[in-house]
Amino acid sequence: MKKEDLKHGLEGVAVAISSISYVDGEKGKLVYRGFEIEDLVENSYFEEVAYLIWFGSLPNENEEDFIKSMLSKKRNLPENIVEMMRLFPENAHPMAVLRSVVSMLGMYSKEDNSTLENAINLTAKIPTIIAYWYRIKNNLPIIYPEEHLNHSENFLYMMFGELPEYSKCFDKALILHMEQGMNASTFASTVTSSTLSDIYSVITTAIGTLKGPLHGGANEKVLEMLEEIGDIEKVPEYIDNLIRNKKKIMGFGHRIYKTYDPRAKILKKWVQEISAHEKVDFFDIALKVEDVVVERFKDKNIYPNVDFYSGILYNHFGIPKEFFTTIFAMARIVGWTAHAMEYRKNNRIFRPRSIYNGPKDLKYKDMKGVEING
Ligand code: ACO
């Protein structure tokens, strides 16, 4: 293999054939199983879209009852996991907690394999892990899951003990984050699945990959950036300073979208609608950041991605910024598991190459420098 064979970051390399979602990076389109994301967020809710992604079609009434009851019955965690969570360091990052608890759950399950039942089971439990950690970390009593509430309502109830008026918007934000083709975390988890490892290992891999600031971790970093800027007047200087120092501007750019990310467009519209009747912190600064970044990078087609406006929305909903990426994971598990199962149908272990450029034919010497003849 020669250097010219290298596909840095696997850019442009197709690794699977998939019917789960389609991304048109030039037109800024995202389609789940044939349906445009705009139609799904407008007309569906989490359970319906999860069913669509897992099964390939929207549910009829019986199928809807089935998915709702499967997701609502599997929410509880083993009590000794909850006891262990109480011993975790109070400042542990919620993504580190989520990654660790998913991994721990693997000890409580028979060595599975990637069945749909296991996918649903883990999807049901992730909101419980996040909400329990929020309550434990803040010295609040745990709120147990409520079977009669839907997926996102139950999560918000376990977090805050009430059903906030924004719960529908939160549900739609989950739909936006559910699936996005062969992104880094989906690819990493598909690699794990391709070794025929179990679903807990697959999802632990995915969470660890999503956590990075170049991927899902960017939503938390965006809010940190906006807090640091603090004042709309300081935006141009702040951004120019990042550019001068060759630092990435969090929440901007995408490997596939070379135009406005459709998810960012929808999230921005929601924040705009809310801000028409109440103050949304950091929104004015964010709009200015967008103007300056788009202008400075007009030759490179860099626009806001899904992580730019989601944090402003979650912050407005009272969700602490270190929890933002866990919310992303709570939705994306649907895509991760769908891809893991789809790939298994025609499985082949992933095994790419690297191009060696290190030394060859060195003579082995012992610690005293004496050459050993082989
Ligand atoms: N800030 C500054 N420069 C950028 C940014 C950015 N956010 N994004 C891309 N660029 C630059 C690159 O450095 C590159 O410059 P060069 O041609 O001089 O080398 C050029 O634009 C083209 O970059 P791409 O090849 O399109 O970027 P790549 O596909 O390698 O990376 C990524 C994509 C990781 C998302 C990148 O845009 C980035 O780091 N963004 C900030 C982090 C972020 O918001 N991540 C979330 C992405 S969405 C998601 O994962 C859910």
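The values are calculated or read from the model by the stated rules, or taken from the named source; none is laboratory data. Fair warning: this is a prediction, and the values are worked out from it, not measured in the lab. Please note: Cβ atoms are built from the backbone with ideal geometry, for glycine as well, and neighbour counts cover all protein chains shown.
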Checklist line | Tally of residues being within 8 Å of the ligand (Cβ to nearest atom) and crowded, with 21+ Cβ neighbours inside 10 Å across segment 220-252 | finding: 5
Notebook entry, point to check: Out of all the residues in segment 166-177, is one or more under 30 Å from Ala14 (Cβ atoms) and touching a strand residue (DSSP E or B) at 6+ places or on another chain (Cβ under 7 Å)?
Noted result: no
Note to self: Cβ-Cβ distance below 8 Å, separation of 6 or more or different chains: which pairs start in segment 232-247 with a residue that is in the same structural domain as Val280 (by TED's automatic domain parsing) and under 15 Å from Ile285 (Cα atoms) and end on one that is hydroxyl-bearing (Ser, Thr, Tyr) and not in a helix (DSSP H, G or I)?
What the structure shows: none
Check: Taking segment 205-247 only, how many residues are farther than 29 Å from Gly335 by Cβ and among the basic types (Lys, Arg)?
Finding: 4
Check: Of the numbered conditions (1) crowded, with 21+ Cβ neighbours inside 10 Å; (2) assigned to a loop (DSSP other than H, G, I, E, B), Glu146 satisfies every one except a single condition; which is it?
Finding: (1)
Next item on the list: Scan segment 5-14 and give yes if some residue there is free of Cβ contacts under 8 Å to residues at least 24 places away in the same chain, among the β-branched types (Val, Ile, Thr), assigned by TED's automatic domain parsing to the domain that holds Leu176 and over 30 Å from Pro320 (Cα atoms), otherwise no.
Entry: yes
Note to self: Would you confirm, using the coordinates I've provided, whether Phe350 is among the hydrophobic types (A, V, I, L, M, F, W, C) and surrounded by 20 or more Cβ atoms within 10 Å (Cβ to Cβ)?
What the structure shows: no
Next item on the list: Go through (1) loosely packed, with under 14 Cβ neighbours inside 10 Å; (2) out of contact with any helix residue (DSSP H, G or I) (no Cβ under 8 Å at 6 or more places or on another chain); (3) at pLDDT 95 or above one by one and return the number of the condition Tyr22 breaks.
Entry: (1)
Note to self: So, in segment 332-347, how many residues would count as being surrounded by fewer than 24 Cβ atoms within 10 Å (Cβ to Cβ) and either small (Gly, Ala, Ser) or assigned to a loop (DSSP other than H, G, I, E, B) (or both)?
What the structure shows: 3
Check: If you go through segment 5-32 one residue at a time, how many are at positive phi, within 12 Å of the ligand (Cβ to nearest atom) and in contact with a Ser or Thr (Cβ under 9 Å, 6 or more places away or on another chain)?
Finding: 0
Check: Checking Ala131 against (1) under 29 Å from Lys321 (Cα atoms); (2) among the small types (Gly, Ala, Ser); (3) at pLDDT below 95, which test does it fail?
Finding: (3)
Note to self: I want to confirm something. Restricting to segment 266-324 and keeping residues that are within 16 Å of the ligand (Cβ to nearest atom) and among the small types (Gly, Ala, Ser), which single residue is surrounded by the fewest Cβ atoms within 10 Å (Cβ to Cβ)?
What the structure shows: Ala286
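Residue by residue, here is whether (1) among the acidic types (Asp, Glu); (2) without any contact (Cβ under 8 Å) to a residue 24 or more places away in the chain holds:
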{"site": "Lys29", "(1), (2)": "no, no"}
{"site": "Tyr32", "(1), (2)": "no, no"}
{"site": "Glu38", "(1), (2)": "yes, no"}
{"site": "Asn43", "(1), (2)": "no, yes"}
{"site": "Phe46", "(1), (2)": "no, no"}
{"site": "Ile53", "(1), (2)": "no, no"}
{"site": "Glu61", "(1), (2)": "yes, yes"}
{"site": "Glu64", "(1), (2)": "yes, yes"}
Item checked: Residue check, Asn357 more than 20 Å from Leu176 (Cβ to Cβ), at pLDDT 95 or above and either of a type in the set (A, V, I, L, M, F, W, C) or not in a helix (DSSP H, G or I) (or both) -> no
Next item on the list: Those residues that are assigned to a helix (DSSP H, G or I) and among the charged types (D, E, K, R), I need them from segment 85-113; list them, please.
Entry: Arg99
Note to self: Restricting to segment 164-215, give me the number of residues that are assigned to a loop (DSSP other than H, G, I, E, B) and within 16 Å of Ile126 (Cβ to Cβ).
What the structure shows: 3
Margin query: Looking at segment 253-265 only, could you name the residues that are more than 9 Å from the ligand (Cβ to nearest atom) and farther than 21 Å from Lys172 by Cα?
Written below: Thr259
